[in-house]
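Visitor: Structure provided below as C-alpha cells; questions to follow.
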Amino acid sequence: MFERGETATPDGLGGRVKTVLVWAGRVLALLWIALSLLLAAMSLVGSGPQIVDLATTETVFGIWSVLAVLDVLFALAAILGVGVALVRRKLLLALLFSLVAWPVGFVIEASRCDYPACRSMAWAALPAWTGDWSIRLRPVTDPREAENIASAALDKVVSGYSAYYPKRFDDHWIVPTINGDGWPGPSAVRIDTRTAATRFVPCPADRMLCGMERPVMSQAGQVFSNARWGLSMSFPAGRAVCIARPYEEARRDEARGFYAMIRDADTPCDIVDPSRTLGLEALTARTVTEARQEPCKPLSPARLKAFGGAAPGFAGRQSVACEEVTEDQIAVSVFAFAEPGSGAPTTLYEAWVLTDPAHLPEDAREFETFLRTARLPPPSR
C-alpha cells in the first residue's frame, strides 16, 4: 500500500496543471478583451466624428452613415457590457460582450478595401448595390456637392463629359458639361435642390457660362468697355482678351473688367498659366489689403527705374501701386477708388501687369500707356 504522503504527489501535480491552464485561459481572455476594447475605442474615434457631421452638416444618409452609426453603437455596447461584466467578475460574460466590437468594423474594412490581400474578406463586404442607397437629409446648397452629383450622373451614362461651374437658381442647380478642350457639352445636368434628382437639360447660355470662355484677339485701337462698372480700355494689338470675373462661386458669371494675355487665342480663358498679362477690373474687395490678402508692398528701386523713376498710376486719379515679385515673375498692381456719387457704387479698381525680368522694361511702357488710356468712373465732385 502507498503511504499517505505518496498518494498526494500525482493529485497535486494535476491540480497545479489545472490551475496553470485556468490562469492561462484567464490571461488570454483578458488580452482578447483588452484588444477588443482597443478596437472599440478606435471605432468611436473613427466613426464618432461621422455621427457628429451627420447630425450637423451631412446632407445624405447613406450606407456608410448606417455603418458609422452601427459601428459606434456596437463599440459602446462592447465597452459598457465588458465594463459591467468585469465589475461583477463574470469573465465569460465580458468575453462574450467583447466579441460585439468586431463585426461592424470587419464589414467596413471588407467593403472599402480594394487591395488583392482583401479578397479573403470579400464574403463580409456589402453588395455593390448598397452603395446607391441613400436618404436625403438636407437640400443641396454647396456647389461642390452639386458638382459631385452632376459628375455621378455623367459617369452613369458614360458621357465622356465633365461637370463645370455649377450655378444655383431658385429651386435647382444647373451644372454645364465640357469636354477635355473646355467646349460645352450637348446638355447640362439639372439638380433638384430639395431631392437631388438629376436630369439632362439644355444649358441656359443667356444666364450662365456653359463652357470655358474663348478669348478675343485685340485689334489696334479697339476699345473694350463694361457699362455696369463704367470701365473702358484698349490693349496692344494681337493680345488674347478675356473677361475678368470674380473668384466667388456666387458671382463668377459677373463681368467686372477685361485682361489681355500674350498667348494662343485657342487657349481657353479659364486655363491659368504665367502668360504676360495686362488687365483692369472692378473688385469685390473693399480695401487694397483685402484685395491682395496681404499689405501692399511699394515698388522697389529696380521696378521704379523701369517705370521712369515714378510709381505708375491712373491719369488724374489718386492711386496706390504695389508689387509682388518671385524668382521668374513680376506683378505690378495699381489701385484706385470710385467714390460715392460717381454713378457707380463705392468700388475698388485694379489695373495690373504680369511680366518677367526680361520683358519688364517693354511691358512697363505698355502698362503706362494702358493706364493713360483706361477710363474709370469719374470721381465725385
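Since every read-out is calculated from the coordinates, none of them should be taken as a lab result. This structure is a prediction, so every number in the text was calculated from the model and none was measured. Every residue, glycine among them, receives a Cβ derived from its backbone with ideal geometry; neighbour counts consider all protein chains shown.
Visitor: Summing +1 for each Lys or Arg and -1 for each Asp or Glu, what net charge is found among the other residues whose Cβ lies under 13 Å from the Cβ of Ser225?
Guide: It works out to a net charge of +2.
Visitor: In addition: Give a quick list of trypsin sites (Lys or Arg not before Pro) in region 83-180 that DSSP marks as loop, anything other than H, G, I, E or B, with at most 16 other Cβ atoms within 10 Å.
Guide: Answer in residue order: Arg88, Arg89, Lys90.
Visitor: Using +1 at the C-beta of Lys and Arg and -1 at the C-beta of Asp and Glu, which of Pro166, Ala302, Phe224 has the Cα lying farthest in the positive direction of the dipole of region 166-302?
Guide: Ala302
Visitor: Counting C-alpha atoms alone, how compact is region 121-164: give Rg to one decimal and Dmax as a whole number, in angstrom.
Guide: Rg then Dmax for region 121-164, in Å: 13.9, 39.
Visitor: Longest exposed-loop-site-free stretch of the chain, with chymotrypsin sites (Phe, Trp or Tyr not before Pro), DSSP loop and at most 15 other Cβ within 10 Å?
Guide: Maximal segment without exposed cleavage sites: 248-381.
Visitor: Can you tell which of Pro49, Leu13, Ser36 lies farthest toward the positive end of the dipole of the chain, using +1 and -1 charges on the Cβ of basic and acidic side chains (Lys, Arg; Asp, Glu)?
Guide: Leu13
Visitor: I've got another one for you. If the only charges are +1 at each Lys and Arg Cβ and -1 at each Asp and Glu Cβ, what is the size of the charge dipole of the chain around the Cα centre, to the nearest 20 debye?
Guide: Value, rounded to 20: 940 debye.
Visitor: Quick one: in the chain, what % of C-alpha pairs are over 25 Å apart?
Guide: 71 percent
Visitor: Could you give the nm distance between label points at Ala285 and Val84, where each point is 7 Å from its Cα heading toward the beta carbon?
Guide: 6.1 nm
Visitor: Whole number please: convex hull volume per residue of the Cα set in region 1-129, in Å³?
Guide: 152 Å³
Visitor: According to the Cα gyration tensor, what semi-axes, each the square root of 5 times an eigenvalue, does the equivalent ellipsoid of region 172-303 have, listed from largest to smallest in whole Å?
Guide: Semi-axes (√(5λ), whole Å): 31, 20, 14.
Visitor: Same structure, new question: Of the chain, which part is the longest with no GluC sites (Glu not before Pro) in a loop (DSSP not H, G, I, E, B) and with at most 10 other C-beta atoms within 10 angstrom?
Guide: Segment 7-247 is the longest.
Visitor: Would you report the distance distribution of C-alpha pairs in region 249-363 as whole percents per 10 angstrom bin, up to the bin with the largest distance?
Guide: Over region 249-363, the share of Cα pairs per 10 Å bin runs 12, 41, 35, 12, 0 percent.
Visitor: In degrees, nearest 10, range 0 to 90: what is the angle between the Cα axis of helix 143-157 and the longest Cα principal axis of the chain?
Guide: Helix 143-157 and the main axis of the chain meet at about 80 degrees.
Visitor: How big is the Kirkwood radius of region 233-286, worked out from every pair of different alpha carbons and given in Å to one decimal?
Guide: After inverting the pairwise mean of 1/r, the radius is 11.9 Å.
Visitor: Let me ask something else about it. If you look at just the Cα atoms of region 142-224, how large are its Rg and its Dmax in Å?
Guide: That works out to 14.7, 52 Å for Rg and Dmax.
Visitor: While we're here: Roughly how tilted is helix 8-56, in degrees to the nearest 10 and between 0 and 90, from the longest Cα axis of the chain?
Guide: Tilt relative to the chain: about 20 degrees.
Visitor: In Å and from the alpha-carbon atoms only, list the Rg and Dmax of region 60-201.
Guide: 21.9, 72
Visitor: Using alpha carbons only, how many degrees (0 to 90, rounded to 10) separate the axis of helix 360-373 from the longest principal axis of the chain?
Guide: 70 degrees
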